[in-house]
């Protein structure tokens, strides 16, 4: 019998974490981390069962244009690189990581 589990954590630059690195790991993908001008490669990681990138229907047009015609991993890479650029603080809280 499976045991239900739910946890939430903050992806914080102050803890030395990065939204782009976290996303590359979750998507088992190779992504460009623009802030540090390096490539992150988790393509050898196995176990990806499902991936998704969603925006609300009423999200700004620029957000929809940002991810248009991209793969799911590509949309995530582009979006989270923009978040990394936008957040300037050394202790910025970049994302919330939900595990279900």
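Identify, by number, the condition in (1) surrounded by 12 or more Cβ atoms within 10 Å (Cβ to Cβ); (2) modelled with pLDDT of 95 or more that residue 9 doesn't meet.
Exception for residue 9: condition (2).
For region 50-71: of the residues being assigned to a helix (DSSP H, G or I) and touching a helix residue (DSSP H, G or I) at 6+ places or on another chain (Cβ under 7 Å), which is surrounded by the most Cβ atoms within 10 Å (Cβ to Cβ)?
Filtering region 50-71 for residues that are assigned to a helix (DSSP H, G or I) and touching a helix residue (DSSP H, G or I) at 6+ places or on another chain (Cβ under 7 Å), the one surrounded by the most Cβ atoms within 10 Å (Cβ to Cβ) comes out as 67.
Would you be able to tell me the number of residues in region 38-52 that are in contact with a strand residue (DSSP E or B) (Cβ under 8 Å, 6 or more places away or on another chain) and in contact (Cβ under 8 Å) with a residue 24 or more places away in the chain?
Residues in region 38-52 being in contact with a strand residue (DSSP E or B) (Cβ under 8 Å, 6 or more places away or on another chain) and in contact (Cβ under 8 Å) with a residue 24 or more places away in the chain: 0 in total.
Are there any pairs, at least 6 apart or on different chains, whose C-beta atoms fall under 6 Å, with the first in region 17-37 and closer than 14 Å to residue 79 by Cβ and the second assigned to a loop (DSSP other than H, G, I, E, B), and if so, which?
Cβ pairs passing all conditions: 24/42; 27/51.
Select from region 72-100 the residues that are under 22 Å from residue 28 (Cβ atoms) and assigned to a strand (DSSP E or B) and list them in ascending order.
Those that are under 22 Å from residue 28 (Cβ atoms) and assigned to a strand (DSSP E or B): 94, 95, 96, 97, 98, 99.
For residues in region 72-100 being surrounded by fewer than 10 Cβ atoms within 10 Å (Cβ to Cβ) and free of Cβ contacts under 8 Å to residues at least 40 places away in the same chain, which is farthest from residue 12 (Cα to Cα)?
86
State the number of residues belonging to region 33-49 that are loosely packed, with under 15 Cβ neighbours inside 10 Å and assigned to a strand (DSSP E or B).
Total meeting the criteria: 3.
The values are calculated or read from the model by the stated rules, or taken from the named source; none is laboratory data. Owing to the predicted nature of the structure, the values given are computational and were not obtained by experimental measurement. We place every Cβ from the backbone using ideal geometry, glycine too, and count neighbours over all the protein chains shown.
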